[in-house]
Amino acid sequence: MPTTPAAAHGGAALPGVQPRVETPTLYDDEAGGNADADDPAIWRNPADPDRSLVVATAKEGGLRVYDLDAHLVQSIAAPPAPGPDDAPGRFNNVDLVHGLRLTTGRADLAVTTDRGSDRLRIYRVDPATPGRPLTDVTDPAAAPVFSADQAEINEERTAYGLATWTDRSTGRSYALVSRRERTTLALLELTPTASGRVGYRKVRTLDLPASFRLPDGTSWSPCAEPGELPQVEGMVVDPANGTLYAGQEDVGVWRLPADLTGTPRLVDKVREYGVAATYDEAADECVAGDDPGYGGTRLSADVEGLTLLQESDGDGYLLASSQGDDTFAAYDRELGDDNEYEGGFRVTAASAALDGSEECDGAAVLNQPLGDRFPDGLLVVQDGHDAPGDGERAATGFKFVDLGDVKDALDD
């Protein structure tokens with residue numbers, strides 16, 4: 001059952017939930033294959049829910065596939081660098097597409113952004129091969145998402161955040177992709193080929209704001225290194241109404257139509273919104289001034305890890321990782337309630353050997369029974385500081401939390 005930590009959030013203590021299991025630690029160094037946990041997705045096996053899978057990105061370490069005991073099932077390497085002066089593949093975010101029609105039949109797909117090559121990589125999920133459930137079906141002709149050539153790819157303003165979406169009115173499936181160090185979002189339609197592969201075509205793009213008018217009439221932009229704009233990473237689409245939620249890391253959570261044709265609306269702001277800051281090159285950090293009080297009260301930058309807890313009656317929650325204070329915020333899923341704030345929680349340590357989640361990047365939730373291990377559903381969160389681990393090495397991983405505990409925490 002949830003526990004209550006001593007820390008406070010917005011003036012009220014938040015409940016804590018404990019993970020049931022965790023994945024093996026990933027290490028972001030040469031010995032660890034430069035593996036850095038980032039973003040998960042949960043694939044439910046409809047024929048045998050106990051054999052469902054978690055697909056997760058490990059950046060330069062590629063993809064990891066885990067079973068519900070958090071044991072490693074498959075490891076997929078990111079593509080090598082095309083040339084000696086180019087970056088290797090770097091898998092940033094992942095999401096799922098269900099039932100895409102290929103020439104070989106309908107298939108579930110895991111789609112990931114390869115930040116190193118500015119492309120999408122697409123994998124077919126095949127439960128008939130339990131030891132190697134993912135097979136690469138990316139069209140080799142797939143072009144860079146944002147860059148004109150390899151020289152531009154090497155500037156690293158490439159495909160970053162990701163959310164998939166199937167338009168119920170047309171049956172067409174899409175990937176929404178954000179651009180690193182830019183405010184741009186791109187809508188890409190997934191396009192099966194005659195050979196059973198999957199490519200994509202760009203439908204349109206949209207730029208979120210990079211500067212904001214404050215109530216006192218001044219203009220504000222989040223502090224960053226020179227040339228960088230406030231990027232988006234965490235994204236999720238509500239399939240019921242085609243609404244995209246996008247987390248602009250240093251700004252807040254936006255709501256807009258997933259086809260990128262409407263006007264974005266800011267659902268909630270980070271606490272640091274409106275705080276003037278100056279980038280200190282020597283220290284490689286931003287030095288903040290006084291807080292004018294224009295920010296929100298529930299999210300501390302960066303806002304990350306957006307995921308949707310769907311209820312069968314249309315209710316549910318939008319969950320957001322508040323990376324700056326190690327909490328998660330829950331907003332009402334229903335647009336009629338204007339996505340009002342419903343509460344929050346922390347993922348806290350279950351024991352000395354099983355720690356909680358700190359500085360969480362990606363998160364994924366599935367509100368469906370997953371066999372005996374997670375009969376009430378599952379929340380998977382990235383842990384930016386896996387412990388106890390080796391304190392000399394950058395250590396990350398993923399925590400698996402029983403969704404029943406999360407619901408209890410939000411209902412308290």
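So which residues in the stretch 279-308 are surrounded by 14 or more Cβ atoms within 10 Å (Cβ to Cβ), of a type outside the set (Val, Ile, Thr) and in a strand (DSSP E or B)?
Tyr279, Cys286, Leu299, Glu304, Gly305, Leu306, Leu308
Can you go through Ala70, Ala35 and tell me which one is under 13 Å from Thr396 (Cα atoms) and of a type outside the set (Lys, Arg)?
Of Ala70, Ala35, the one residue that is under 13 Å from Thr396 (Cα atoms) and of a type outside the set (Lys, Arg) is Ala35.
Provide a single number: the residues in the stretch 223-235 that are of a type outside the set (D, E, K, R) and open to solvent by less than 20 Å² (accessible area, probe 1.4 Å).
Total satisfying the criteria: 4.
Could you check the stretch 37-78 and list, in sequence order, the residues that are buried (at least 23 other Cβ atoms within 10 Å of the Cβ) and among the acidic types (Asp, Glu)?
Of everything in the stretch 37-78, those that are buried (at least 23 other Cβ atoms within 10 Å of the Cβ) and among the acidic types (Asp, Glu) turn out to be Asp38, Asp39.
In the stretch 146-163, how many residues are part of a loop (DSSP other than H, G, I, E, B) and either open to solvent by less than 80 Å² (accessible area, probe 1.4 Å) or of a type in the set (Asp, Glu) (or both)?
Total meeting the criteria: 8.
Please report, ordered by residue number, the strands (runs of 3 or more DSSP E) entirely within the stretch 309-412 with at least 3 residues that are buried (at least 24 other Cβ atoms within 10 Å of the Cβ) and touching a Cys at 6+ places or on another chain (Cβ under 8 Å).
378-383
Taking interchain pairs and intrachain pairs at least six residues apart, which have beta carbon atoms under 8 angstrom, with the first residue in the stretch 138-155 and in contact (Cβ under 8 Å) with a residue 60 or more places away in the chain and the second among the polar types (S, T, N, Q) and surrounded by 14 or more Cβ atoms within 10 Å (Cβ to Cβ)?
Asp139/Thr191; Asp139/Thr193; Ile153/Ser117; Ile153/Ser147
Residues that are open to solvent by less than 30 Å² (accessible area, probe 1.4 Å) and of a type in the set (S, T, N, Q): find the strands (runs of 3 or more DSSP E) completely inside the stretch 164-221 holding 2 or more of those.
Strands (runs of 3 or more DSSP E) meeting the threshold: 173-179.
The values are calculated or read from the model by the stated rules, or taken from the named source; none is laboratory data. Keep in mind that what you see is a predicted model, and the values were worked out from it rather than measured. A quick note on method: Cβ atoms are made from the backbone with ideal geometry, for glycine too, and the neighbour counts reach across all protein chains shown. The protein model used for the area step is the full one, side chains on, heavy atoms only, and it has no ligands, DNA or RNA in it. Shrake-Rupley method; radii C 1.70, N 1.55, O 1.52, S 1.80 Å.
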